[in-house]
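Working notes, beginning with the structure itself.
The values are calculated or read from the model by the stated rules, or taken from the named source; none is laboratory data. Note that the structure is predicted; figures quoted are calculated from it, not measured. Here Cβ is always computed from backbone atoms with ideal geometry, including for glycine, and neighbour counts include all displayed protein chains.
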Amino acid sequence: MAINVEHITKFYGTQKAVDDISFSLQTGEICGFLGPNGAGKSTLMKIITACITDYTGELDICGINMRQQALKAKKRIGYLPEHNPLYPDMYIREYLEHIARLYHIKKPLQRVNQMIERIGLTPEVHKKIGQLSKGYRQRVGLAQALIHEPEILILDEPMTGLDPNQLEEIRSLIRETGKNKTILLSTHIMQEVEALCDRVIIIKEGKIVTDKPIHALQSLSKQQMNIYIRFAPSTDSTWLAQSTLFKTTNRLSDNYWQVSSNNNNDPRVALFQEAASRNCPIIELKMEEYNLEGVFKEYTL
């Protein structure tokens, strides 16, 4: 077991940031760790990386208990926090040599050269970190997380602020890295979750609300559709709330509704017929595919 979290709870004063969370990750898994802002994602990641130590529960990293052998456990982890821990006045090579020596890596200069080539930093290696684009700063952060060849990689919002080209570059790096490491990845970008992750854990208010393989959530997303319906002004559309045609109904304004239905049972013909029988003309109808973002909203709203 690469990561084993058992009944982890963390308070900030009287606020419970992480509420009795348990899960395990196997070697080679790439797990998307999702949740709204303030759900407790970063807090749990800081607990896993031993940046936070005042919590209840148990945590094992590669079979090593974090409380009993913290230093030994931390050697197995590479961590890229949400706020990239870089020194803007240092050159890329200088910074990576500093990190390599902190890890007591044998032949640090050789290892730094390997990482510069592997992470694609060669074109910018002559620059100070403060002169780099966001994408290259993320590359440097990934290089410092990987330089000691950890078995586990913890990535907290690694895609934030990247343009589409940079997203593809970092995505490729993470996918390649994940072939032989366990990765816990926090992001709000659902496309990245679908492109990279084998499994998804969603938390809300410090609790796990779902933990499923990515294909299970993708299957769920294909089973529904969202429909937006606007009825003619000055008509009574409240009957829609009691309709059995839909899984959910949500009144957005007087005569504007959002409903969800099963994709295998297209309700539009029956909807038109019922609206006509009630003398309630439909003046607008929009279809929206229910995707992974819709699944996320269903679990977290």
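Check every one of the helices (runs of 4 or more DSSP H) wholly within segment 129-238 and list those with 2 or more residues that are modelled with pLDDT of 90 or more and under 30 Å from residue 110 (Cα atoms).
Those helices (runs of 4 or more DSSP H) span 134-146.
Residues being assigned to a loop (DSSP other than H, G, I, E, B), in contact (Cβ under 8 Å) with a residue 40 or more places away in the chain and of a type outside the set (Ser, Thr, Tyr): count how many of those fall in segment 79-93. Walk me through how you get there before you give the answer.
Just the residues of segment 79-93 that are assigned to a loop (DSSP other than H, G, I, E, B), to begin with: 81-90.
Checking the rest, the ones that are also in contact (Cβ under 8 Å) with a residue 40 or more places away in the chain come to 81-82, 84-89.
When the remaining residues are screened for being of a type outside the set (Ser, Thr, Tyr), the result is 81-82, 84-86, 88-89.
Residues meeting the conditions: 7.
From 300, 248, which residue is surrounded by fewer than 14 Cβ atoms within 10 Å (Cβ to Cβ) and among the β-branched types (Val, Ile, Thr)?
248
Okay, residues lined up against (1) buried (at least 17 other Cβ atoms within 10 Å of the Cβ); (2) aliphatic (A, V, I, L, M):
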{"position": "141", "(1), (2)": "yes, no"}
{"position": "150", "(1), (2)": "yes, no"}
{"position": "155", "(1), (2)": "yes, yes"}
{"position": "160", "(1), (2)": "no, no"}
{"position": "172", "(1), (2)": "no, no"}
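Have a look at 109, 96 and point out the one that is assigned to a helix (DSSP H, G or I), of a type in the set (A, V, I, L, M, F, W, C) and without any contact (Cβ under 8 Å) to a residue 40 or more places away in the chain.
Numbers: 96 fails: without any contact (Cβ under 8 Å) to a residue 40 or more places away in the chain.
Exactly one residue qualifies, and that residue is 109.
If I filter segment 269-292 for residues that are within 28 Å of residue 33 (Cβ to Cβ) and either in the same structural domain as residue 31 (by TED's automatic domain parsing) or aromatic (Phe, Trp, Tyr) (or both), do I get at least one hit?
Yes, some residue in segment 269-292 is within 28 Å of residue 33 (Cβ to Cβ) and either in the same structural domain as residue 31 (by TED's automatic domain parsing) or aromatic (Phe, Trp, Tyr) (or both).
Scan segment 1-27 for residues that are part of a loop (DSSP other than H, G, I, E, B) and either of a type in the set (Phe, Trp, Tyr) or surrounded by 14 or more Cβ atoms within 10 Å (Cβ to Cβ) (or both) and jot them down.
Answer for segment 1-27, where residues must be part of a loop (DSSP other than H, G, I, E, B) and either of a type in the set (Phe, Trp, Tyr) or surrounded by 14 or more Cβ atoms within 10 Å (Cβ to Cβ) (or both): just 2.
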